[in-house]
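What follows is one structure encoded as structure tokens, with my remarks underneath.
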Amino acid sequence: TKPDILQVGYYPEWDQVPLDAAFTMHKYFEAEDKAAFLEKVGPSIKGIATRGELGADQAMLDACPNLEVVSVYGVGYDSVDVATCTARGIHVTNTPDVLTNDVADLGVAMMLAQSRGMIGASQWVRDGSWNSKGLYPLQSRVWGKKVGVLGLGRIGFEVAKRLAGFDLEIAYSDVSAKDYAPDWTFIQDPIALAEHADFLFVTLAASAETRHIVNADVLNALGPNGMVINISRAANIDEEALLTALENKTLGAAALDVFEGEPALNPRFLALDNVMVQPHHASGTYETRKAMGKLVHDNLVAHFANQPLLTKVN
Ligand code: 8YV
């Protein structure tokens with residue numbers, strides 16, 4: 001008998017096939033009546049396999065009294081109530097490290113593309129404007145400017161490392177100065193960091209403490225020539241304040257991979273030309289997603305074989 005697993009979201013075939021071979025997968029995301037589905041399969045469920053942005057909500061945890069393990073396909077586990085899991089003796093695992101470089105790559109690419117107006121420039125060529133209207137409007141330079149990295153964890157570190165290679169001056173904020181940060185400037189206060197920086201990268205793990213850490217004051221400090229880049233979680237930014245700042249041009253620009261209520265983002269974003277929007281795909285390469293899927297699978301297998309978990313959270 002294979003352990004019963006609640007599968008919260010979609011996985012590509014190369015992940016689904018090995019999961020189906022090792023476990024009885026119950027596809028929550030395909031159920032029309034989610035509550036009825038949970039009521040029916042809940043008592044048999046020993047594990048949950050979920051995605052970073054979907055997590056496991058209270059209704060799921062409540063519906064699964066025999067739950068032993070939650071395996072998250074993502075480094076962020078803010079959408080899983082880890083405190084409840086820990087109290088109930090439920091293990092939680094995630095997929096750190098394997099996605100770090102891809103997330104950093106996309107963040108830097110977003111910053112460069114938005115700074116140099118590359119999406120608009122591509123459109124300029126495609127729609128014939130180059131030929132009919134002439135030269136594309138000039139943009140501000142990137143190299144030599146100052147970047148502030150809010151959260152110098154694994155992803156923040158890789159962003160900073162890449163941008164140092166572009167001759168940007170690096171400053172960062174975290175709960176404490178990091179001994180692995182070369183000669184980068186530590187500016188703990190997010191407002192002071194934003195005041196100092198031209199580009200503010202948000203690379204924090206989301207938690208109750210970091211909710212809306214990028215607020216109206218931080219955005220104001222970043223200013224009309226500043227850009228905020230978010231490759232973490234939407235909740236780290238006060239989205240209402242961000243939209244207002246972008247609309248009023250008190251903030252120069254934003255490059256965002258994450259949104260409140262995604263994938264249904266606030267339509268106000270789409271009316272703005274000073275924002276780059278991306279569909280939460282910073283970890284979305286074949287190589288990384290395969291490594292993430294393997295970790296989701298291998299953690300579940302390890303758990304049910306009474307082996308040590310590979311990447312445990314609690
Ligand atoms: C998502 C992420 O998990 O790692 C994270 O925390 O947000 C992403 O990698 C990804 O979209 C897969 O669900």
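Which residue out of L54, L135 is within 16 Å of the ligand (Cβ to nearest atom) and farther than 19 Å from A302 by Cα?
Going through L54, L135 in turn, the sole match is L54.
Any residue in the range 248-266 that is within 15 Å of the ligand (Cβ to nearest atom) sitting within a Cβ distance under 6 Å of a residue that is among the basic types (K, R)? List the pairs, counting only those 6 or more apart or interchain.
Correct list of pairs: V258/R233.
How many residues are closer than 25 Å to Q307 by Cβ and either in the same structural domain as G153 (by TED's automatic domain parsing) or among the charged types (D, E, K, R) (or both) when one looks only at the range 54-80?
Within the range 54-80, residues that are closer than 25 Å to Q307 by Cβ and either in the same structural domain as G153 (by TED's automatic domain parsing) or among the charged types (D, E, K, R) (or both) number 1.
Mind checking whether some residue in the range 133-152 is charged (D, E, K, R) and surrounded by 12 or more Cβ atoms within 10 Å (Cβ to Cβ)?
Yes, the conditions are met somewhere in the range 133-152.
A quick yes/no check of all residues on (1) more than 18 Å from N230 (Cα to Cα); (2) of a type in the set (D, E, K, R); (3) more than 14 Å from the chain's Cα centre (by Cα):
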site	(1), (2), (3)
G74	no, no, no
S79	no, no, no
N101	no, no, no
A109	no, no, yes
G117	no, no, yes
G128	yes, no, yes
G134	yes, no, yes
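Please name all residue pairs, on different chains or six or more residues apart, with Cβ atoms under 7 Å, provided the first residue is in the range 271-282 and is more than 12 Å from G107 (Cα to Cα) and at pLDDT 95 or above and the second residue is away from the ligand (no atom under 16 Å from the Cβ) and assigned to a loop (DSSP other than H, G, I, E, B).
These pairs meet every condition: N274/G252.
Report the residue count in the range 63-81 for those that are more than 12 Å from the ligand (Cβ to nearest atom) and either within 25 Å of F201 (Cβ to Cβ) or free of Cβ contacts under 8 Å to residues at least 12 places away in the same chain (or both).
The total comes to 0.
What number of residues within the range 1-33 are more than 28 Å from the chain's Cα centre (by Cα), closer than 15 Å to S71 by Cα and assigned to a helix (DSSP H, G or I)?
Of the residues in that region, 1 qualify.
The values are calculated or read from the model by the stated rules, or taken from the named source; none is laboratory data. Everything numeric here is computed off the predicted structure, so don't read it as measured data. Positions of Cβ are backbone-derived with ideal geometry, glycine not excepted, and every protein chain shown enters the neighbour counts.
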